[in-house]
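Let me begin by presenting the structure, written as structure tokens, before commenting on it.
A short reminder: the numbers here are calculations on the coordinates, not readings from a lab. Everything numeric here is computed off the predicted structure, so don't read it as measured data. FYI the Cβ positions are ideal-geometry reconstructions off the backbone, even for glycines, and counts take in every protein chain you see.
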Amino acid sequence: MDFNWKKPSHLFSLFALILSLGVLIVLPIVSFFLLPTATSTDYLSDLSATAKMFFEIILLLMQFLIVAGSMVIVPLLWYTLVNKYSLRVIFAHLNIHKKQWDKAILHGVGTVVICFAIIFFVDLVLVQLGFNLSESSNITDLEQFFSLPAMFVLLTIQPIAEEIFFRGFLLEKIQNLAGAKVAIIITAILFGLAHLSYGKVYPALMTAIVGIVFAYLVVKTRNLTTVIIAHILFNVTSFVLYLVSQSLTV
């Protein structure tokens, strides 16, 4: 690592990274343990259709700004100010490739199948242990604030930023310091903790498990594009399955 405590630009990059981790990791943990369950649905139900649309647009823009700032701009700052990489070299270190798209898509689909198989097995174990998983989805929480089209946009665009930060930037930096196994575990745990913001343990646990599979795939294939495809497919498939299950229970 090229970090130098005596360089202001490096200190600024470190501060930005710490701030990013605070927003993505610390804040969800604090909100999970200290803040009461949100009751925003009562407030939103009283708004007019125009007010709801305006609120949704503002919230969506805020979400994109937070995601872009904390997960994309911060890594770019570090690579530029600390490592002095060009954009081409940054893409290389993030393992983002534009070649072999056929293999990337194939591996992505296979990874999604493996993730759902693992989750299905874990669900069976949890049910046998007496856990109630009927209200474990975090999609119901997103429905409180976003319409279905907005949710679809979130579920397809946000994974790109998440993969750049967790399986691109953090995985590479931790792997250089402590090795691949440690990097896989740490990034998976951080990825899971970041999803505690929904106020439920189950989505965070499942996300951490998926994070292990995604990180392992990046280490083995050295291709973040594959995992970006897998992440988007996983989110979209989960979303479609949720909609189907809701329609069947109505």
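Quick one: the Cα spread of the stretch 61-138 along its three principal axes, in angstroms, biggest first?
53, 34, 24
With a sphere of radius 12 Å drawn around the Cβ of F166, what net charge do the other residues whose Cβ falls strictly inside it have (Lys, Arg +1; Asp, Glu -1)?
Values: positive: R167, K173; negative: E162, E163, E172.
It works out to a net charge of -1.
Would you please state which residues of the stretch 214-231 a label at W101 would reach in this model, taking the label point 7 Å out along Cα→Cβ and a backbone N cut-off of under 19 Å?
Answer for this model: 223-231.
Using only alpha carbon pairs under 8 Å that are at least six residues apart, calculate the relative contact order of the chain and give it in whole percent.
Relative CO of the chain lands at 29 percent.
In terms of the Cα gyration tensor, with a ≥ b ≥ c the square roots of its eigenvalues, is the stretch 105-185 rounded because a/c is under 1.5, prolate because a/b exceeds b/c, or oblate? Don't skip to the end; give the middle numbers.
On the way: a/c = 1.93, a/b = 1.24, b/c = 1.56.
The shape class here is oblate.
Based only on the alpha carbon positions, what is the Kirkwood hydrodynamic radius of the stretch 8-249, in angstrom?
Values: mean 1/r = 0.0523 Å⁻¹.
Kirkwood radius, the stretch 8-249: 19.1 Å.
Work out from phi, with θ = phi - 60° and the Karplus expression 6.51 cos²θ - 1.76 cosθ + 1.60, the ³J(HN,Hα) of each residue of the stretch 77-93, listed in order in whole Hz, and give x for Gly and Pro.
4, 4, 4, 7, 7, 8, 7, 6, 8, 7, 4, 5, 5, 4, 4, 5, 5
Relative to a virtual label point 7 Å from the Cα of V125 in the Cα→beta-carbon direction, which members of the stretch 207-245 show backbone nitrogen distances below 16 Å?
207-213
Nearest 10 degrees is fine. How inclined is helix 148-162 to the longest principal axis of the chain, computing both from alpha carbons?
20
Translational D (Stokes-Einstein, µm²/s) of the stretch 140-250 at 25 °C and 0.890 mPa s when Rh comes from the Kirkwood sum over C-alpha pairs?
Working: Rh = 14.7 Å.
The diffusion coefficient I find is 167 µm²/s.
How large is the direction-averaged shadow of the alpha-carbon convex hull of the stretch 192-232, in nm²?
Mean projected area for the stretch 192-232: 2.8 nm², to one decimal.
Taking springs between alpha-carbon atoms closer than 10 angstrom, which of T50, T237, T156 fluctuates most in the Gaussian network model of the chain?
T50
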